[in-house]
Amino acid sequence: MKVTVDLSGGLELLFDKKKVHQIEFSDKNEIPLRELILYMRDNLLKERAELFVVDNTVRPGILVLINDADWELFGGIEYNVEDKDTITFISTLHGG
Amino acid sequence: MSAVYIKDHSLNSNEIERYSRQLITPDIGVQGQMKLCASRVLVVGAGGLGCPVALYLATAGVSVLGIVDYDTVEISNLHRQIGHQESSTGVPKAVSLANTIKSINSLVTVNTYETTFTSETAMDIIKNYDIVVDASDNVATRYLINDACVLSKKPLVSGSALKWEGQVTVYNYENGPCYRCIFPTPPPVDTVTKCSDGGVLGPIVGVIGSLQALETIKIITNNKEGVLSGRLLIYDGMSAVFRTVRIRGRQPHCSVCGDNPTVTQLIDYTEFCRSNYSEAAGKVDDRVEHHNIITVQQYNEVIKSNKNHLLIDVRPSNQFEICSLPNSENIPIEVIDKQESIDKIEKLINDKINSNEDSELSVYLLCRRGNKSQDAIKILDEKLKISRDKVKIQHIKDGLLGWNESIDSSFPYY
């Protein structure tokens, strides 16, 4: 399965400054979102992990989208990511 | 005579002429313009977002605009805060923006609040307005404005921006979500980047502020269906991409707008968010041992005495490029823990020691405000393998801003 991960609001800085990542899991048809997040932390993260993950989920202030809609509409971290899904992580901005 | 021609509405000839182009726009019309001319909007923040928001709402003809800002105009504001002038440097931002507005549309009543928006002042100010615009620049104020809007039942048009990006949405509108529904817990303090640290472009806040003004106009003119509630608009200026994504609705368990709220009056948001009602950095607290600190005055003496030492500037390289102290080495905090950097620092230290074997070598760490240089102390303490009999590591308190303030004002302030 292939998953697209989108990063915005400065989160891309933690992931090698790349806004879009393609991740392939050749041995799986679906993967729990929590596992995807921990996979990203352990394999893709280039900077301090605590800026992305706290207590085995994304830290407060990050909005997660599944195919362009809030993950809360799909069960949040319990969602099972499927082939061709796009998961977006947006850090909320505060400046003005 | 005009009374003969104008019927069934309260717009006079001057207003018809001034607002003609928006008056003839579909879904505004006479009814919409009358609503605009009777509306009262509070804008919190007279900076990058507040300027375009207030200017567009004033030119659109709102009746009363309230502008809250405790700060005064600085030269470094003018690249993006388009409601202020060079001649307003030092003037309260609320007053400066009000003056610009009055010179464009004298029909608008502008109330200025030259004060920090706090739990003590918020409800009293908000009660005089129908809609609130969040054009602030910090987390604590954002939670405060949200709760004040929920408690006083006012819609909130929220915008934010940083670097090349911006976000816009409308909270607490027609049973839609509030800020806390989406973000129940404030972000950890060290994950928040301020415009004064990360930078921001004028056109980015211009776009986001303009979108906030438009959402406000839609709410006032009762164009309900298109209002950006339950959706978040994200603008990535670098990629030239606008995206509007669906976000959760009002949450029944939300602590302020839910069915059984636990927040029923304003709280202390500086405590809740562990940060101030301001993006101003202020003085940085000491987080390292006393013997790891020297002042800018003491460092100035080190230079004057020609003492053998190593100066490491840990700012990002794009800031180092702007200005730096003589003979400083740039090793950014983002990479200082990498083995490559550690090797480089050890080589620099060894070269200095070899050139003057008798005395102990002092390594000084420097950054903009004396914050990251303290983090660097901890990292180097852990990673440097060189014997501490020969090397003493200290950070320069207050950093380059302190150098500008106390030693040499010709060092560029940014």
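The values are calculated or read from the model by the stated rules, or taken from the named source; none is laboratory data. Computed from a prediction, not measured in an experiment: that's the story for all the values here. With ideal geometry, Cβ positions are generated from the backbone for all residues, glycine too; neighbour counts draw on all protein chains shown.
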Inside the range B:31-61, the number of residues satisfying the requirement of being within 22 Å of residue B:82 (Cβ to Cβ) and more than 14 Å from every other protein chain (Cβ to nearest Cβ) is 10
Taking the range A:75-96 and the residues there that are facing another protein chain (nearest Cβ under 7 Å) and outside any strand (DSSP E or B), the one that is nearest to residue B:45 (Cα to Cα) would be A:96
Considering (1) in contact (Cβ under 8 Å) with a residue 12 or more places away in the chain; (2) more than 30 Å from residue B:120 (Cβ to Cβ); (3) in contact with a strand residue (DSSP E or B) (Cβ under 8 Å, 6 or more places away or on another chain), say which one residue B:242 fails and leave the rest.
(1)
Checking the structure you have, find out if any residue of the range A:75-94 is free of Cβ contacts under 8 Å to residues at least 24 places away in the same chain, farther than 20 Å from residue B:180 by Cβ and exposed (fewer than 15 other Cβ atoms within 10 Å of the Cβ).
yes
Take the residues in the range B:281-300 that are in a loop (DSSP other than H, G, I, E, B) and in contact (Cβ under 8 Å) with a residue 12 or more places away in the chain, then tell me which one is nearest to residue A:95 (Cα to Cα).
B:281
Here the residues within the range B:272-315 that are crowded, with 17+ Cβ neighbours inside 10 Å, within 19 Å of residue B:193 (Cβ to Cβ) and not hydroxyl-bearing (Ser, Thr, Tyr) are B:273, B:279, B:284, B:314, B:315
Step by step: first the residues of the range B:102-126, then only those that are under 22 Å from the mean Cα position of the chain (by Cα) and of a type in the set (Asp, Glu), then the one that is surrounded by the most Cβ atoms within 10 Å (Cβ to Cβ). Which residue is that?
B:114
If you take the residues of the range A:1-60 that are within 20 Å of residue A:72 (Cα to Cα) and among the acidic types (Asp, Glu), which of them is surrounded by the most Cβ atoms within 10 Å (Cβ to Cβ)?
A:6
Within the range B:168-196, restricting to residues that are outside any loop (DSSP other than H, G, I, E, B), touching a residue at least 24 places away in the same chain (Cβ under 8 Å) and over 18 Å from residue B:259 (Cβ atoms), the one that is nearest to the other protein chains (Cβ to nearest Cβ) is B:195
Within the bounds of the range B:62-74, is there any residue that is buried (at least 24 other Cβ atoms within 10 Å of the Cβ), within 24 Å of residue B:8 (Cβ to Cβ) and more than 14 Å from chain A (Cβ to nearest Cβ)?
yes
Please work out which one of (1) touching a residue at least 60 places away in the same chain (Cβ under 8 Å); (2) within 13 Å of another protein chain (Cβ to nearest Cβ); (3) surrounded by fewer than 24 Cβ atoms within 10 Å (Cβ to Cβ); (4) of a type in the set (A, V, I, L, M, F, W, C) is the condition residue B:139 fails and give its number.
(3)
Consider residue B:410 against the criteria (1) touching a residue at least 12 places away in the same chain (Cβ under 8 Å); (2) touching a helix residue (DSSP H, G or I) at 6+ places or on another chain (Cβ under 9 Å); (3) surrounded by fewer than 14 Cβ atoms within 10 Å (Cβ to Cβ); (4) assigned to a loop (DSSP other than H, G, I, E, B): it satisfies all of them except one. Which criterion is unmet?
(1)
Tell me, yes or no, whether the range A:52-70 has at least one residue that is within 10 Å of another protein chain (Cβ to nearest Cβ), touching a Ser or Thr at 6+ places or on another chain (Cβ under 8 Å) and among the basic types (Lys, Arg).
yes
So residue B:51 passes all but one of these: (1) closer than 30 Å to residue B:115 by Cα; (2) part of a loop (DSSP other than H, G, I, E, B). Which condition number does it fail?
(2)
Test: residue in the range B:234-245 that is more than 10 Å from chain A (Cβ to nearest Cβ) and of a type in the set (Lys, Arg):
no
For the range A:38-74, give me the residue count where each residue is in a loop (DSSP other than H, G, I, E, B) and either without any contact (Cβ under 8 Å) to a residue 24 or more places away in the chain or not basic (Lys, Arg) (or both).
11
Going through B:58, B:98, B:94, B:54 one at a time, which residue ends up being touching a Phe, Trp or Tyr at 6+ places or on another chain (Cβ under 8 Å) and assigned by the TED database to the domain that holds residue B:267?
B:94
